[in-house]
C-alpha cells in the first residue's frame, strides 16, 4: 500500500502536469529528490515532462515561499527597468504550500511582494517535517546511507545496521509545537486536509529560556550564537528577508562589523529576528539550514509570542487584516509610554535663560 | 624519507611532548565557538592527556582556519591625536609559536598546497604556513560523500603532511614528510618501521591509484564558453539560496575582503572571509555588479573551482572532501555539477 506521502507526491505530479498542460500556470515550485538520504532540492518546473521529477516526503524542510517572488518575476515577459508593465494578466505560478508556507504567501501578499491573483496554491496539509540533524544525532558516528519512510516510522540504514525509529520523535521542534499545519490558502487541494493541532503549550521552548535568570539567559545567548560563521543561510532561506540590500551588507553606512566578533554576530541575529516580528510563521527553515546547528528560531518564536500576546495576531492567519507592526490602533498596548502622573521636568524661564539661546535658532534683529 | 613505527601509547606521549613547546590542536567533535582567542573554530587545544578521536571522513572543520584565520589583523593604528603613533600603521605582533594540528585528513592537507598556489606571495598566509605543522592520518574508510580520488587526491595520500600516520595491525607507521615533521620526531625514541609494513602501504596506494578516476581531467581541455553557456546553470542557480555556507566550510575557498574597524580610537585593518555567493563580493564602486544575478554567482563558484583555477594553476580547486555536499541547505551537489559539465557537448 502506498504511504501518505507517496499518494501526495503522485497528486502533486498529476496536478502540476495538468496546470502546465492547460497553460493555467507557467511554472510550478516544488521539490525534487536530493542526492543524499534525508535531503531534497527545491525545484521550479516549467514543462509538463519535468513534472515527474517532483516529489513530496517528510524531509521537505525549506520554505518554498522563499522562491515565489523570483519565480513570478522569471515568468514575466522580459522588459527593461523603465518599461511599462505589459497589458493583460501576467503568467501565474503554482506552488506547493503547507500551513506555514501558505501563511508566508499571505504575508508576501500583504507586503506587496506577491500578487495573489498570480499564485495557484497547491495546498498540502503538513504532518510535520523530520529534522535530519535529529536523526543523525541518534546514529552519531555512523554514516546513514538510506532512509525509508513509512507513515509513522523511518527505517534508517547504514553499511552495517538497519533500525526503525518513530517518525514523530525526530520531527522538527517547530513542527512539534505547530498549531496550523493545514494551508490557509488552497487553490488546488493535495491529499487530505489536516486538522488544527493543539499542543499543550506552543511556546514551551521559549518559556524554558524566559524562565532563566538574566545571567543564565545571557549565557544561553552567548553560547548559542558563538558558533555562527555568518554565512547568512538563515537569512537567505527566509521568505521574509527580501530587502534588496540587507543591513549587514550595507557599506554606507556600515551597521555591523564583518568579523566574527560576538557583538557583531549577536547584533545580526537580534536585528534579523526583530525584522521578522509580526511576520514570522515559525516555519523553522532558518534553524534547519544552519550549517552550525544554531537555534536562532528561539528569537523569532519569542517575538511571535509577544505579538500574539500584545496584538492577538499570528502572522499570515488573516489575509485581510493589516500587519500588526505597520498599523496603529487607539487601543494598542503602550506600556512604553511615560506615565502621565509622573512629574514633568519644569521648563522655568530662568532655566532656559541660563542655557542661553538654542544653537541654530533664528535671532531677531541685532 | 624517514618512516617510523609508533604505537597508540607513543602517539599520546608524542602529543604530550609537543604540547609542552607548541600549541597542539585536534578536531573538536562538539560545537566550538567560531571566534575565541584560544582556539580555532572546529578545533580544540589538547595536551595529549586524552585519547585522540577521529571521525570517519573529513574533520568537522577544515584546516583553512590555521592558515587563513577569520579574521586576520593585517595592520593596527590609532586615531588618538596625542599618541606618538598617530598617522602610523603598524604590523601587529604576530605569534611565532608553532601550532601543531593533529588529525588532519589527506584531503585537507592537499587543500593547503592548492591554496598555496594563489597565496605564494601572500606574507600572512606564508607566515602562518611556516609556523604550522600538519600531523595527518590517512583514511581507512571513506564516507559516501568523499570523492578525493576524482580530484587527484587519495585517501592514503601523504602530500602536504609533515607527519603522515597510517594504521597498521598494532599501531601506525609514520612517514616524515618535511623538516618540520623531522623536528617533531627529533629526540623521541622511535623505531624505524618494518620493511614489510612499508611495502604493504605502498601496495595499498598502488591499488588506490588504479581505482581513481581521471575522467574529470578532460574538463581542463574543454572550451570555457561552452561550459559557461551550458543549460545546467539556470536550474542550479534557481535552487541555490546564495548563502555562504559552502564557501565558508570549503577548505579551498580562499577569497577575502579587507576592512578597517575602529573601536574607541584604536583601529585595525582586518581581512576576513568573503564569499562569491554574496552580491557585495562583486559590486563595483560605480554601482554596477557584473554578477548581479544569483545564477551568475552560483556558476562562478563552480567554474572557478573546475575551470578558472585549473586554467591558471593546473589542478582543480577542490579536494573532494564532500563537506559542501553534506551541508548545502538545498542539496546542491558538486559531484552532480561535475557530471553535468562533463556531459556538455
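Every number in this text was worked out from the coordinates using simple rules, so none of it is lab data. For clarity, every value in this text was computed on a predicted model and none was experimentally measured. Neighbour counts run over all protein chains shown; Cβ positions are idealised from the backbone, glycine included.
Assuming a viscosity of 1.002 mPa s and a temperature of 20 °C, what translational diffusion coefficient in µm² per second does Stokes-Einstein assign to the protein assembly as shown, Rh being the Kirkwood radius over Cα pairs?
75
Pop the C-beta distance of residue B:20 and residue B:56 into the FRET formula with R0 = 22 Å and round what comes out to the nearest 0.05.
0.10
Starting from 0.36 nm per residue, how many nanometres of slack lie between residue B:263 and residue B:280 once their C-alpha separation is accounted for?
Once the chain is fully extended between residue B:263 and residue B:280, it gains 3.7 nm.
Using the count of nearby Cβ atoms within 10 Å as a rough guide to exposure, how do A:152, B:304 rank from fewest to most?
Result, fewest neighbours first: A:152, B:304.
With all distinct Cα pairs included, what does the Kirkwood hydrodynamic radius of segment B:219-342 come out to in Å, to one decimal, could you say?
About 15.8 Å, per the Kirkwood formula over Cα pairs.
Within a 10 angstrom radius of the beta carbon, how do A:52, B:286 rank from fewest other beta carbons to most?
B:286, A:52
When the distances between all Cα atoms of segment B:244-288 are binned every 10 Å from zero, what whole-number percent does each bin get?
Each 10 Å bin holds this share of Cα pairs: 24, 40, 30, 6.
Any chance you could list P(r) for segment A:201-333, counting all Cα-Cα pairs in 5 angstrom bins from zero, rounded to whole %?
The percentages, shortest bin first, are 2, 9, 18, 21, 20, 15, 10, 4, 1.
Please order A:228, A:286 by the number of other Cβ within 10 Å, starting at the fewest.
A:228, A:286
Do the sum for chain B: with -39,500 (n - 2.57) for every DSSP H run of n ≥ 4, divided by all residues, what is the mean residue ellipticity at 222 nm, to the nearest 500 deg cm²/dmol?
Value at 222 nm, helices only, nearest 500: -8500 deg cm²/dmol.
Distance in nm between label sites at residue B:293 and residue A:250, each 7 Å beyond Cα in the beta-carbon direction?
2.9
State the extension gain, in nm to one decimal, for the chain segment bounded by residue B:113 and residue B:200, taking 0.36 nm per residue of separation less the distance between their alpha-carbons.
Full-extension gain reported as 28.7 nm.
What is the ratio of the Cα radius of gyration of chain B to 2.2 N^0.38 Å, where N is its residue count, to two decimals?
Normalised by 2.2 N^0.38 Å, the Cα Rg of chain B equals 1.08.
For segment A:293-322 and segment A:1-55, compute the distance between their C-alpha centroids and round to whole Å.
30
Can you figure out the FRET efficiency of residue A:270 with residue A:328, using R₀ = 25 Å and their beta-carbon distance, to the nearest 0.05?
E between residue A:270 and residue A:328, to the nearest 0.05, is 0.55.
Looking at chain A from every direction and averaging, what is the projected area of its Cα convex hull in nm²?
Answer in nm², one decimal: 28.5.
Considering chain A as a Gaussian network with a 10 Å cut-off on Cα pairs, which listed residue, A:244, A:199, A:48, attains the greatest mean-square fluctuation?
A:244
Going 7 Å from the Cα of residue B:83 along its beta-carbon direction, which residues of segment A:249-264 have the amide nitrogen within less than 16 Å of the resulting point?
No residues fall inside that zone.
Per DSSP H run of at least 4 residues, take -39500 (n - 2.57); add these up for chain A, divide by its residues and hand me the 222 nm value, nearest 500 deg cm²/dmol.
-9000 deg cm²/dmol
Based on Cα coordinates alone, diagonalise the gyration tensor for segment B:164-227, multiply each eigenvalue by 5, take square roots, and list the semi-axes in whole Å, largest first.
Taking √(5λ) for each eigenvalue gives 37, 18, 8 Å, largest first.
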